[in-house]
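Every number in this text was worked out from the coordinates using simple rules, so none of it is lab data. Remember, predicted model here, so these are calculated numbers, not experimental data. Backbone-built Cβ (ideal geometry, glycine too); neighbour counts: all protein chains shown.
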Amino acid sequence: MRSFDVIIIGRGMTGLSTARHLKSYGIESVCIIGPNRDFTNCSSLNAGYASCSLHDNISRIVHGHGDEAASELLGLIRRGFSGLMTEASRFDTPVTEGQVFRLTESAMEEREMLVATSWLSAHGFPAATNKTRTSSRTLTFQSDGAASASIDVRHLMDHMESDVEFTIRSDKVVGVTPHPGHIEVRTQTGGKILSQIVVVAGHVGIKALIPKLESCLVNHADQWAEFEFRGKHPALTPGSLVFADFGQYWLSVTSNQKIRAGGARYLRKWAGVEADHAWLEERITDSIRNRIADLFGVELSAASQQHAVLDLRACDEIPIIGPMFDDSRVLVSGGYMGSGLTLGYAAGAGLADFIGKGTSKSVPEIFHPKRLRSLPNVP
Ligand SMILES: Cc1cc2nc3c(=O)[nH]c(=O)nc-3n(C[C@H](O)[C@H](O)[C@H](O)COP(=O)(O)OP(=O)(O)OC[C@H]3O[C@@H](n4cnc5c(N)ncnc54)[C@H](O)[C@@H]3O)c2cc1C
């Protein structure tokens, strides 16, 4: 039976980042298991923006978790962004860098922006709320120095994977069983592999492998589409990421002519929450196109490509990253609230620290799974 020091389950951004950072600790006996990326994972099928912000304004995290957690989350996501950009330049991955903005025409969201910008400024993140004019209307916009980028994520992940030089198995894990002295990992093709440490980076697959987290992780179905500006186009710098209507709509500017955009999840049955698969809905694509065209007073083409994907949230809306509360040899990471490229990259660095050093300064306790152990069904 094959045996490794570390098994990583999942070949998405989290799994690959963990592998890349383990390499720098000199750990060589590593096996990465997961189906071929192109067909399954969220990291390859997403819209390719990297962002040091979240779909929700920071005031929501401050309200739910307090100042310290919000600062830690912003710190983590910003470190993830900078690590990801360094990784991309190492592999000559096409990247266009920009800034994150929030736009609104609602007085209620404007008040939230004022609360958020005042909190950000007080905590060392320069931020401002101003008025801007699109060709159709005057909007309030929030700018808080959060960087963003449009990135060729498949190019980056292909290079990250081929550079790690670890054993890679195209298979699915069906069971993870800790024993004294080793952990047994069983795969769909009937294989059994042993390991000292297992990293569960399987996104929506985490729940099946770690039933103790099942009630803490929530799937939701979502979709994005690519559009071209017809005729005049708004003054949006390529690389920018724009959230509108409390993050209900978003767009990532990939070039002068093209955007990738998403939103309108509320049009799905139960807003896509607890879906077990994702599917494209034409009326959602229409709603995204119409809302963005209306906001900027422009015309957009029909969608040139679109994808529906399942995403994963923690029930308390901050990522779950770190060792399991009942067995620190099993590490888990997921629940990035729409910013999985940067948070997945940052999480991988933190998971490698846990394995290489036994602790991680960049992933403090607020993110560890143990914060959820008092929930019903979590023994
Ligand atoms: C519509 C949409 C658009 C998005 N756009 C963006 C974006 O542009 N930028 C951004 O930062 N974030 C975006 N996100 C979120 C982001 O894509 C995810 O948060 C991120 O990709 C998660 O990375 P991951 O490595 O944890 O998971 P994944 O990339 O999904 O990788 C997990 C892998 O684990 C595998 N796996 C699961 N179970 C098992 C098992 N039992 N055995 C073996 N392997 C297993 C899966 O097949 C998969 O390959 C978007 C999300 C959605 C829904």
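The table below gives the values:
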quantity: Euclidean distance between Cα centres, the range 103-119 to the range 347-364, Å; calculated: 35
quantity: Pair LEU194, SER118: separation of 7 Å Cα→Cβ label points (nm); calculated: 6.1
quantity: Under-5 Å amide H pairs with ILE32, H placed in peptide plane, nonlocal only; calculated: ILE8, THR167, ILE168, ARG169
quantity: Integer Hz, Karplus 6.51/-1.76/1.60 couplings in order for the range 114-119, x for Gly and Pro; calculated: 5, 4, 5, 5, 5, 5
quantity: Net charge, GLN188 excluded, C-beta distance under 14 Å - Lys, Arg +1, Asp, Glu -1; calculated: +3
quantity: At q = 0.10 Å⁻¹, base-10 log of I(q)/I(0) for the chain (Debye sum, equal scatterers on each alpha carbon); calculated: -0.62
quantity: Integer Hz, Karplus 6.51/-1.76/1.60 couplings in order for the range 231-243, x for Gly and Pro; calculated: x, 5, 10, x, 7, 10, 6, x, x, 6, 10, 10, 9
quantity: Over 28 Å (Cα to Cα) - which of LYS23/LYS172; LYS172/LYS258; LYS23/LYS192 fall in this group; calculated: LYS172/LYS258
quantity: Under 5 Å, built H, 5+ apart or other chain: amide partners of PHE4; calculated: LEU194, SER195, GLN196
quantity: Interchain or long-range residues, amide H under 5 Å from ASP316's placed H; calculated: none
quantity: Estimated 222 nm signal from helices in the chain, with DSSP H stretches of n ≥ 4 weighted -39500 (n - 2.57), rounded to 500; calculated: -9500 deg cm²/dmol
quantity: For the range 2-126, diffusion coefficient by Stokes-Einstein and Kirkwood Rh (Cα), 20 °C, 1.002 mPa s, µm²/s; calculated: 123
quantity: Cα centroid of the range 1-74 to Cα centroid of the range 151-184, whole Å; calculated: 12
quantity: Computed lengthening from ASP67 to HIS179, 0.36 nm per intervening residue step minus Cα-Cα distance; calculated: 36.4 nm
quantity: Phi to ³J(HN,Hα) by Karplus 6.51 cos²θ - 1.76 cosθ + 1.60 over the range 43-56, Hz, x for Gly, Pro; calculated: 5, 7, 9, 7, 7, x, 9, 10, 9, 9, 9, 10, 4, 7
quantity: Most mobile of GLU109, GLU365, GLU282 in a GNM of the chain (Cα contacts under 10 Å); calculated: GLU282
